[in-house]
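Okay, so here's the structure we're looking at.
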Amino acid sequence: MSTRLARGGRLIDRARPVEYRFNGRRLTGFAGDTLASALLGSGQMLMGRSFKYHRPRGPVASGAEEPNALVNLGEGGRFEPNQRATTTELFEGLTATSQNHWPSLDYDVGAVNTALSRFLPAGFYYKTFMSPRPFWKHLYEPFIRKSAGLGKAPTQPDADRYEHFHHFCDVLVVGGGVAGLLAAREAGRAGARVLLMEQTAHWGGRAPVDGDRIDGQAAEDWVRHIVTELEAMENVQLRLRCMGAGVYDHGYALGYERLTDHLPGADGPRHRLWRIRAGRIVTATGAIERPLSFAGNDIPGVMLASAARDYAVNWGVSVGDRVLVVTNNDDAYRTALVLKEAGLDVPAVVDARPEGGGELARRAEAAGIRVLKGKAVAKAKGGKHVTGAVISSQAGEGAMLEEIACDAIAMSGGWSPVVHLWSHCGGKLSWDEAGAMFRPDPDLPPTGADGAGFVIAAGAANGHLMLGETLRDAAEAGARAVSELGATPASPGALPAAEAPEEAPLFPVWMMPQGAGHELRSKAWLDYQNDVKVSDVRLAAQEGYESVEHAKRYTTLGMATDQGKLSNINGLATLAQRLGTEIPKVGTTTFRPPYTPISFGAIAGEARGETFQPIRRTPIQDWHEARGAHFEPVGQWRRPYCYPQGGETHGQAVAREIDATRGSLGLLDASTLGKILVSGPDAPRFMDMLYTNMMSTLKPGKCRYGLMCSENGFLMDDGVVARIDEQTFLCHTTSGGADSVHAHMEEWLQTEWWDWKVHTANVTEQYAQIAVVGPNSRKVLEKLGGIDVSAESFRFMDWKEGVLGGVRTRLFRISFSGELSYELAVPASEGRAVWDALLGAGEEFGATPYGTEALHVMRAEKGFIMIGDETDGTVIPQDLGLDWAISKKKTDYIGKRAQMRSHMADPERWKLVGLETVDGSVLPDGAYAVAEGRNANGQRKVQGRVTSTYHSPTLGRGIAMGLVLHGPDRMGEVLDFPKVDGEVVQAKIVDQIFFDKDGEKQNV
Amino acid sequence: MLILTCPCCGVTAEETEFHGGGEAHLTRHGPDSDDDQFHDYLFMRENPRGVHFERWRHVYGCGKWFHAARDTVTLEVFGTYPAQTTEPPQHIREAISARRPGWSWRGLS
């Protein structure tokens, strides 16, 4: 059983006990503990259940690579699933629960899957849930969804805040072990701006645990001195609890800083996302120990040898009283020695190498530890914890030589450099046969804008696992980073002298024992988190999943949070072996950022709630808000949809606004309307290319409705163009389209007709625009006075400039409602005053502000199209019966050639018509008109669809527009529109102009 | 996230300041072109592993369109130049040749 040792623990403060809760139990650890070390110290080895088989699981590792000990952390607005106990710093009041079990961690019903595991092989889901098809929706999917996923999703909004931080530096060093510290010092001494980040709360990495010496000092002391030295350098920044999450194009990197995870509720942001642009990135990310593949290697109590050592040295925790060590390399002997020194029993070191190890092995033997050479653990025994191990020859098939009782097994299959950051942006790897590992290929680094490599791997992350070569490589990496940036490296000082025992070479072991049969292989885990075993990968290979990327997806090896940290090499080796090829031929799967999961909060940063995106406001917005308008988003604007009064519903408010406008006087804030000036000697020519109509013939003082298409012919925007003078046009665009239309103009001007003398200016926000609409609109303008608006001198589609009610105004006589109507544009700063003046002068006429819904209904009553309703990016003007607005005389306009293509000219294209329901009801938006028969997919054939549909208060019935096959030729025909609930609504094809067809109201 | 230099205003900036505009040096085909020519102009694009010419706009800067010569695999940028040209200028071609001898792209080399 795991327990807290009476002494030891370099990271904990025994004077400061910390209380926390796990699955409701109140427990105590020490300041400096991780949740995992505290739980182990409390005798809690079982920390979760596995994903697929719900097998009991304890921690395998002591750091970021941990696959098993994932917990639900916190409560309420601070609840978060899938937090690694091994990287969660303990704090007072921490609350955690284990995942993937029901009803409890100790007794889990789903564990029956283990017994069924021979029926749940690789690809089980694909094989089992294929047919019959209807079962998928009603049976399989609900079942899989229920049993899938790791932790629970939070149910409350995140109580914390987060921030982004932009940073620029010459050299980013990721990893604060001895290699990262030394590389940072080399770069710092040369004067480079250096950022050094370390994902844990401590500098020094593994060196202090390994007990080696540097420059005659204990590694821990050397680390303290170099950190002090770095802290004194003004050009060097150091960040603990900050992980290098990803490396991207051209030296861009993300850092993930956990500021208050260990101090919940403290002031300031919880996480900070560093968005870094670095000249060079030194990855000193160390190496991760590999598990050994033997049967029962997932039983709680089996863990990495380095982790067992970490728990003892860092946190004063023993993982068991009798710890068997099994290895294929020398490093695990360090664990045996540490445990022995801590007073624990190490019954044996099982070394797969026939010749055994080097100096460390000799020290172990000298310490009285039994060393078994050329031997293997054939099988770990136990259920919820390890009880013993069956020992066999490594070379054999697993025949038992003896059984050793133990309550923990520390295993080491060698070390894999952490190459993730090197690989994120395309850095390639090469296979190192001697070390049995992939390491960065220095000739194929990720490249920057200048074509030079911008990532330099250093130390163990570069495949240099021995302390002496780690230090040499790191110093070189730091110096290289600055010299590649054009600086002069500081005069090389003496390389720190490493004192570490000579190590014998490792012996690659991919299966233990080598000849293990199916029974043992099907109990040997490769990927703990996803429950992938040696037998699964072999099965995948046998079934033809030979590509490593296919095998990964088929078996789920290395997916989820693992991302190849623990399972990668063992899985690749198993696949290679089964395929009878070599590991480098199989290759690796793609390493993708982030290195370990980062919070959604950190990704979102400040972009949340009101700061999610800026909201554009018209000069009259305050009035709308004070009036209690109901708003709808239009682009980045918020436009009043309607202005409900008293207890009115929105529908009632809209009807009232329409009645008032058609009956007397309505006012609309149209400031959001796009306004773009096009000016210059070639402006007429340019306008003729932009619009489908002839705009060059428009006279100053006149307006014309125009259509704008994209080069592939589709209608993209519409609006009224006013010619200001010979060289200047004012183009009105849709509210949402102003920016894209302006960009469209600029694109053509800059990239196609760059010799044309034209410039454009988007003046949308320079003007407030107000529509004054209804039979009394002329009267209210006359009351304001200053511009002659008489029917004779100011005709429909005229515009004029003048001083209206004391304000410089551009007045347009245009109508989107079919009423006598004007739009007045005034400087934005005068907008609110003019709005108030119109309300005052209009009081006697019952002036009624109306919103976008009334605007929409009134335009639909008149059969006017709306971009985004009648158009969807596949509709051409000809579909909408707008041929009258397409010039036949012009030889060219943007979209003209495309509209000549056979499909565009096809008479079978659906055309715009009005639709009138037989029963007067309102058609559902987007409903399809069905035709006889079924298509190749067995779906009902369709012959049209609804594009706009409203209740018209003017007509007292539902009205709609739609695109219908041969529509204009089928007036009076009745179509069937099935609703989602199966009921069918019948509608008659009619003319799309429902109201005042002759324009008598408009042209008064 | 790329770094690009706008040849108009001279600013070297993050990709988020720019907006990509697809392949550069397309020749517009209007109403007098035949179906195949127009189809190719509208839809057919290069998709090279290696040297490529792209259009970019400095949207959150000077607003100008420009062209970039870039390697789609290594992300190396050989140079940027104003969009008011129908083919890459000589100094850009030389810069590419210096790094990728023997390159070719849509008949250019």
query: Among the GluC sites (Glu not before Pro) within the range A:229-294, which fall in a DSSP loop and have no more than 15 other Cβ atoms within 10 Å of their own Cβ?
result: A:GLU234
query: What full-extension length gain, to one decimal in nm, is calculated for A:ALA405 and A:SER547 as 0.36 nm per residue of separation minus the Cα-Cα distance?
result: 47.0 nm
task: Would you mind checking the range A:895-923 for residues with the amide N under 16 Å from a putative spin-label position 7 Å along Cα→C-beta of A:HIS966?
output: A:906-913
- line: In the range A:701-803, the GluC sites (Glu not before Pro) that sit in a DSSP loop and have at most 12 other Cβ atoms within 10 Å of their own Cβ are A:GLU726, A:GLU792
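Going by a ≥ b ≥ c, the root eigenvalues of the Cα gyration tensor, does the range A:674-765 fall in the rounded group (a/c under 1.5), the prolate group (a/b larger than b/c) or the oblate group?
Rounded.
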query: How about the range A:730-768: which of its residues lose at least 30 Å² of accessible area in the presence of all protein chains relative to their chain isolated, using a 1.4 Å probe?
result: A:GLU747, A:GLN750, A:THR751, A:GLU752, A:TRP754
message: What is the percent carbon and sulfur in the accessible area of the range A:907-990, measuring with a 1.4 Å probe over the protein chains and ignoring ligands?
response: 48
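Report in % the part of the accessible area of the range A:291-411 that belongs to carbon and sulfur, leaving out ligands and nucleic acids; probe 1.4 Å.
In the range A:291-411, the share of accessible area belonging to carbon and sulfur is 49 percent.
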- prompt: Across the range A:445-456, in residue order, what do the Karplus-derived ³J(HN,Hα) couplings come to in whole Hz, using 6.51 cos²θ - 1.76 cosθ + 1.60 with θ = phi - 60° and x for Gly and Pro?
  reply: x, x, 10, x, 4, 8, x, 8, x, 10, 10, 10
message: How large is the accessible surface of A:PHE714 in square angstrom, using a 1.4 angstrom probe and rounding to the nearest 10?
response: 50
task: Towards the positive end of the charge dipole of the protein assembly as shown, with charges on Cβ (+1 Lys, Arg; -1 Asp, Glu), say which of A:TRP623, A:ALA460, A:ILE894 has the farthest Cα.
output: A:ALA460
query: Counting only protein heavy atoms and using a 1.4 Å probe, what share of the accessible area of the range A:1-94 belongs to carbon plus sulfur, as a whole percent?
result: 48
query: Using θ = phi - 60° and the Karplus curve 6.51 cos²θ - 1.76 cosθ + 1.60, what whole-Hz ³J(HN,Hα) does each residue of the range A:709-715 get, with Gly and Pro shown as x?
result: 10, 7, 4, 8, x, 7, 5
field: Tensor-based shape of chain B (alpha-carbon gyration tensor, a/c under 1.5 rounded, otherwise prolate or oblate)
entry: oblate
field: For the range A:818-833, 3J(HN,Hα) per residue [Karplus equation, 6.51 cos²θ - 1.76 cosθ + 1.60, θ = phi - 60°, Hz, x = Gly/Pro]
entry: x, 8, 4, 7, 10, 10, 10, 10, 10, x, 3, 5, 9, x, 5, 5
- prompt: Any idea of the total accessible area buried by the B-A contact, 1.4 Å probe, rounded to 100 Å²?
  reply: 2700
- line: Among residues of the range B:67-85, a drop of 30 Å² or more in 1.4 Å probe accessible area, assembly relative to the chain on its own, occurs for B:THR74, B:LEU75, B:GLU76, B:GLN84
- prompt: So how far, in whole Å, is the C-alpha centre of the range A:308-354 from the one of the range A:806-846?
  reply: 85
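For chain B, what is the accessible area per residue in Å², given a 1.4 Å probe and the full set of protein chains? Can you show the working numbers first?
Values: 5500 Å² over 109 residues.
Ligands and nucleic acids excluded, the figure is 51 Å² per residue.
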statement: Amide H neighbours of A:ASN693 at under 5 Å, excluding residues fewer than 5 places away on the same chain, with H built from the backbone geometry, are A:LEU707, A:SER887
query: Which far-off residues, 5 or more places away or on another chain, put their amide H under 5 Å from the one on B:GLY63, with H placed in the peptide plane?
result: B:HIS58
task: Run down the lysines and flag those whose C-alpha is under 23 Å from the C-alpha of A:LYS1001, throwing out any fewer than 8 positions away in its chain.
output: A:LYS702, A:LYS779, A:LYS783, A:LYS800, A:LYS862
- line: Length gained, A:ASP450-A:ALA366, 0.36 nm per residue minus C-alpha separation, equals 24.6 nm
- prompt: How much area per residue is accessible in the range A:200-343 when the probe is 1.4 Å and only protein heavy atoms are counted (Å²)?
  reply: 27
- prompt: Do any residues of the range A:247-278 lose at least 10 Å² of accessible area when the full set of protein chains is present rather than just their chain alone, and if so which, with a 1.4 Å probe?
  reply: A:ASP249, A:HIS250, A:TYR252, A:ARG275, A:ARG277
- request: Distance between Cα centroids, the range A:578-655 to the range A:909-978: provide it in whole Å.
  value: 33
- prompt: Residues of the range A:519-650: accessible area per residue at 1.4 Å, in Å²?
  reply: 45
query: What is the distance in Å between the Cα centres of the range A:189-237 and the range A:361-419?
result: 35
- prompt: Among bridges DSSP assigns within chain A, what percent are antiparallel (round to 5)?
  reply: 75
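Answer rounded, prolate or oblate for the range A:291-411, using the Cα gyration tensor with square roots of eigenvalues a ≥ b ≥ c: rounded when a/c is under 1.5, else prolate when a/b is larger than b/c, else oblate.
Numbers: a/c = 1.75, a/b = 1.12, b/c = 1.57.
In terms of gyration-tensor shape, oblate.
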query: Long-range amide H contacts for A:ALA31: which residues qualify at under 5 Å (H placed 1.01 Å from N, peptide plane, sequence gap of 5 or more or a different chain)?
result: A:ASP13, A:ARG16, A:VAL18
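The values are calculated or read from the model by the stated rules, or taken from the named source; none is laboratory data. From a predicted model like this one, the values you see are computed outputs, not experimental measurements. No Cβ is skipped: glycine too gets one built from the backbone with ideal geometry, and neighbour counts run over all protein chains shown. Just so you know, the surface numbers come from the protein's heavy atoms only, side chains and all, with ligands and any DNA or RNA stripped out. Shrake-Rupley method; radii C 1.70, N 1.55, O 1.52, S 1.80 Å.
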